[in-house]
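Readers should treat all values here as calculations from the given coordinates under stated rules, not as data from a laboratory. Because the structure is a prediction, the values reported are computed rather than measured. Reconstructed Cβ throughout: ideal geometry from the backbone, glycine too, with neighbour counts over all protein chains shown.
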Amino acid sequence: MIRNFLETPKQLQESSHDGEGPVDLYEIWAQADFESNCDFIDRVVIPPKSTIGYHKHGANEEMYIVLEGQGIMTINDQQKEIKKGDMILNSPGGAHGLVNSSDANIDLLVIQIGLAVPSA
């Protein structure tokens, strides 16, 4: 299959993980599209002053790939500045959130993979 992530329909989220302000969500690939443990691949655009609220993950890994913009990422209670080209990995059981503290959009690809469940 081929999909163009720039042509994916936009969904407006008013509060991503209890964050502040709106966030544009583009669901590119869903779990049903994969045979692997990939949960989803999304594009997320965070306008200036909007946030993805600080939240904890369960049995999955999630990666943010910063396509454009800059902001402040909190990972397990530690703040780090991020910028275009950065790839951020959130480990199973880890917590993270993102603040767009700039005057331009942050454009991300978000990939989440579920942990393999051992066979019985």
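Quick notes on this one:
- Rounded to 0.05, the FRET efficiency of the residue 116 and residue 79 pair, given R0 = 30 Å and the Cβ-Cβ distance, is 0.40.
- Summed over all non-identical Cα pairs, the Kirkwood treatment of region 50-106 gives a radius of 11.4 Å.
- Cα-projected label distance for residue 32 with residue 20, points at 7 Å along beta-carbon direction, nm: 3.7
- Pairwise Cα distances in the chain exceed 24 Å in 24 percent of cases.
- Computed from backbone phi with θ = phi - 60° and the Karplus coefficients 6.51, -1.76 and 1.60, the 3J(HN,Hα) list for region 50-61 is 8, 9, 9, x, 5, 8, 10, 9, x, 8, 8, 10 Hz; x is used for glycine and proline.
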